[in-house]
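Data block below; observations after.
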Amino acid sequence: MCKALRRENEKALTILIRSTRGAARPEIDMPNPDLTLDDLAIGDSWPGGPIIVAEADIIRFAREFDPQPMHTDPKAAAHGRFGGLIASGWHVASLVMRDFVDTAPFGATPMLGLRVDELQWLYPVRPGDTLQIRREIVAVARSRSKPDRGTISMKMTVTNQDGAVVLSFLNLIQMPARSGAGG
């Protein structure tokens, strides 16, 4: 079911994300059905992006949350170890989160992020980069004590336009299960 749905909705899932605070954002319809733990299996995956990273957004985010010259000052960054302005890793992570919320791969199903593991910033993100995301379920587990819910582990892999992996992490998410379903 999920694979057919992904193919059908790939075009609907392509959303341009900008991290501009306070900017008007288009309303996003939930293009996917509401999924529960019972609908998901190891290997299910969803695309995300494209996300185009703008220089002004890199600087704006960094000035507020990660004010280091490599993120806020193009002239200073040009003489730094990266040879130019790069996005804060936290900025990239927040763009990935925003894309996850906007694309709603599980529809309107309420989810609770429990943990992030193995967070790795592997390659600098620069102004003009276009990011793509692959989200893949690597574990599904029903709660033994509360069978109306369970957890999924999703591997998030973010690549740039050249295919270089710029960010990856594992995300443990609590999901509701269908009431009374065994497991």
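Evaluate the following for Ile86: is it assigned to a strand (DSSP E or B), open to solvent by less than 40 Å² (accessible area, probe 1.4 Å) and on the phi < 0 side of the Ramachandran plot? No. Restricting attention to segment 49-70, the residues being in contact with a Leu (Cβ under 7 Å, 6 or more places away or on another chain), outside any loop (DSSP other than H, G, I, E, B) and open to solvent by less than 30 Å² (accessible area, probe 1.4 Å) number 3. The residue list Ser143, Ser168 contains one member that is among the hydroxyl-bearing types (Ser, Thr, Tyr), farther than 18 Å from Asp57 by Cα and in contact with a Gly (Cβ under 6 Å, 6 or more places away or on another chain), which is Ser143.
Residue pairs whose Cβ atoms lie under 8 Å apart, separated by 6 or more positions or on different chains, with the first residue in segment 95-121 and within 18 Å of Leu35 (Cα to Cα) and the second open to solvent by 80 Å² or more (accessible area, probe 1.4 Å), are Ala104/Met30; Phe106/Asp34; Gly107/Met30; Gly107/Asp34; Ala108/Met30; Ala108/Asp34; Thr109/Asp34.
Contact map, segment 140-155: residues that are of a type in the set (Asp, Glu) paired with residues that are open to solvent by 50 Å² or more (accessible area, probe 1.4 Å) and modelled with pLDDT under 95, Cβ distance under 9 Å, separation 6+ or inter-chain. Pairs shown: Asp148/Arg178; Asp148/Ser179; Asp148/Gly180.
In segment 89-100, the residue that is nearest to Gly150 (Cα to Cα) out of those that are open to solvent by less than 80 Å² (accessible area, probe 1.4 Å) and either modelled with pLDDT under 95 or out of contact with any helix residue (DSSP H, G or I) (no Cβ under 8 Å at 6 or more places or on another chain) (or both) is Phe100.
What's the total number of residues in segment 114-172 that are among the small types (Gly, Ala, Ser), outside any strand (DSSP E or B) and open to solvent by less than 60 Å² (accessible area, probe 1.4 Å)?
The initial filter retains those residues of segment 114-172 that are among the small types (Gly, Ala, Ser), namely 128, 139, 141, 143, 145, 150, 153, 163-164, 168.
After this cut, where a residue has to be outside any strand (DSSP E or B) as well, the list is 128, 143, 145, 163-164.
Applying the additional criterion that residues be open to solvent by less than 60 Å² (accessible area, probe 1.4 Å) yields 128, 143, 163-164.
Qualifying residue count, segment 114-172: 4.
Just one of the listed residues (Ala41, Ala76) is touching a Cys at 6+ places or on another chain (Cβ under 9 Å) and surrounded by fewer than 17 Cβ atoms within 10 Å (Cβ to Cβ), namely Ala41.
The values are calculated or read from the model by the stated rules, or taken from the named source; none is laboratory data. Only a predicted model underlies this, so the values are computations on that prediction, with no experimental measurement involved. All Cβ positions, even for glycine, are placed from backbone atoms using ideal geometry, and neighbour counts span all protein chains on display. SASA here: full protein model, heavy atoms, side chains in, ligands and nucleic acids out. Shrake-Rupley method; radii C 1.70, N 1.55, O 1.52, S 1.80 Å.
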